[in-house]
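Student: Structure below; questions to follow.
Readers should treat all values here as calculations from the given coordinates under stated rules, not as data from a laboratory. For clarity, every value in this text was computed on a predicted model and none was experimentally measured. Ideal geometry is used to build each Cβ from the backbone, glycine not excepted, and the neighbour counts take in all protein chains shown.
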Amino acid sequence: MLLTILHIIFYILFLYLAVNTFYFLVVAIAGKIRKQPVYKSHDLKKRIAVLIPSYKEDHVIVQTARKAREHNYPTEKFDVYVAAHHLTKETIQQLRDIPVNVIEVSFEIGSKARSLNKLLNVIPETNFDVAIILDADNIMLPGCLEKVNHAFQQGYRSVQSHRIAKNKNTSVAVLDAISEEINNHLFRRGQRALGFSANVIGSGMAFEFSKLKEIYNKPGILGNPACDREVDFEIMKSNIMIEFIEDAYVLDEKVSSKAVFERQRTRWLESQVIHLKMFFADSRAIKKNAHYFNKLFNNLIPPRVIILLIYVLVFLIFLLEKASGLPILAPTYTWWFLLTLLYAFTLMLSVPVNLYSVQTAKAVLYIPVLMFSMVRALFKMKVSRKEFLHTPKAFTQDVH
């Protein structure tokens, strides 16, 4: 009887993982064969507000703001705004000397949503057509705003730039960089290849200024630590397509330590649960089309580290099965082995060639440590959390 129950559980788990794997395989292949649209420069220029919320990030925000201010987009067509939450007076003065616009904010419960809400309501809406959000450690590479402008001139109302690693100074940072690129391929490049919206990341994303302001003035969003997910959800509800610009690069700091990885993944897990709840909170008000079901499916997929952990556990059960002689697994391990290989092939297909290196090979050996951290993150989840769970930035090397 017990073996029968176990077989049913394993069959359900196998089917669930098989559906996810085949879905990712289709997306990964589509992303490889799609011809990427080209965005360059356009004679007409949208007025762009660069919004940078910053919380206790004195050691990185000045460089970010300076690089943003020096960006190669017509000076009269863009401006930089920093929401300064718990920054020192010295840092605030340095920012004003660049010069960029500094809005000092103070909240009892700090959150990215509150900072962005403040910026969007202080800046006159008629001054800008587009708002792009950067994290305090992000650096836009040359041409980024020109390509964002070109996409908006082509009729897009929402754009996600290509966020890439600023640093690969530790094994954790290398793995985080690889994870980012897999996400770029599966959830942005591949999604667009199939005609769906790219998923936004949280920074390097641009929207119509008025639409973003409307979203950040929604009741409840200020207390939502997963505000980026809510923006993504509201854009979907409004039937706005999110474009992905392959070569509009934004450098983003990758987590360098196990402790910061664990904290960041705790926030991401909480965000995924909060986002998932939105699909069912007021489902009657949402148009049920292919875009809705595709995004819902994306949010039902567990993190890759969890899936890898499941495959490791299945292998251990296989060893137990061989030692005991009991037929515990269902279907047989041959099917599990083939599914594991297919999943690994899909991930490898999604990793860019430039990340295949000796450094990556060494970093892969650190995956079991991050699996343990991911399990700890699962137990640290607090979906009722109201504050934004900040991850400290440590990479201060100058970027040219």
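Student: Restricting to DSSP H runs of at least four residues, report the calculated mean residue ellipticity at 222 nm for the chain, -39500 (n - 2.57) per run over all residues, nearest 500 deg cm²/dmol.
Tutor: Here the helix-only value at 222 nm equals -16500 deg cm²/dmol.
Student: Could you please tell me the mean projected area of the C-alpha convex hull for segment 130-248, averaged over all directions and given in square nanometres to one decimal?
Tutor: 7.8 nm²
Student: Would you mind calculating the relative contact order of the chain from Cα pairs under 8 angstrom and at least 6 residues apart, reporting the percent as a whole number?
Tutor: 23 percent
Student: Oh, and also: Give me Rg/Rg_expected for segment 1-66, where Rg uses Cα atoms only and Rg_expected = 2.2 N^0.38 Å with N residues.
Tutor: 2.28
Student: Is the C-alpha gyration tensor of segment 93-184 telling us rounded, prolate or oblate? Criteria: a/c under 1.5 is rounded; beyond that, a/b larger than b/c is prolate, otherwise oblate.
Tutor: Oblate is the answer for segment 93-184, as a/c is 1.5 or above yet b/c matches or exceeds a/b.
Student: How would you rank I12, I306, I274, going from fewest to most other Cβ atoms within 10 Å of each one's own Cβ?
Tutor: Fewest-to-most Cβ neighbours within 10 Å comes out as I12, I306, I274.
Student: Taking every Cα atom in segment 60-135, find the radius of gyration and the maximum pairwise distance Dmax, and write them in Å.
Tutor: Over segment 60-135's Cα set, Rg and Dmax evaluate to 12.4, 38 Å.
Student: Between the DSSP loop rule and a limit of at most 15 other Cβ atoms within 10 Å, which GluC sites (Glu not before Pro) in segment 1-79 are left?
Tutor: Sites meeting the loop and neighbour criteria: E70.
Student: Looking at the chain, what % of the alpha carbon pairs are farther apart than 39 Å?
Tutor: 19 percent
Student: A further question on this structure: Return, for the Cα atoms of segment 1-129, the radius of gyration and Dmax in Å, separated by a comma.
Tutor: Considering segment 1-129 through its Cα atoms, Rg and Dmax are 23.9, 74 Å.
Student: Could you tell me which of I48, S197, C144 has its Cα farthest along the dipole of the chain towards the positive end, charges placed at Cβ (Lys, Arg +1; Asp, Glu -1), taken about the Cα centre?
Tutor: Result: S197, furthest along the dipole toward the positive end.
Student: Further question: Considering only I328, I132, I164, give the residue with the highest GNM mean-square fluctuation for the chain, with springs between Cα atoms whenever their separation is below 10 Å.
Tutor: I328
Student: Still on this structure: Which of R157, R229, R376 has the fewest other C-beta atoms within 10 Å, and how do the rest follow up to the most?
Tutor: Neighbour counts put them in this order, fewest first: R376, R157, R229.
Student: A further question on this structure: Hey, what's the per residue convex hull volume over the C-alpha atoms of segment 229-339, in cubic angstrom?
Tutor: Given the Cα convex hull of segment 229-339, per-residue volume reads 189 Å³.
Student: Here is a follow-up. Take K67, K89 and order them by how many other Cβ atoms sit within 10 Å, fewest up front.
Tutor: Final ranking by Cβ density, sparse to dense: K89, K67.
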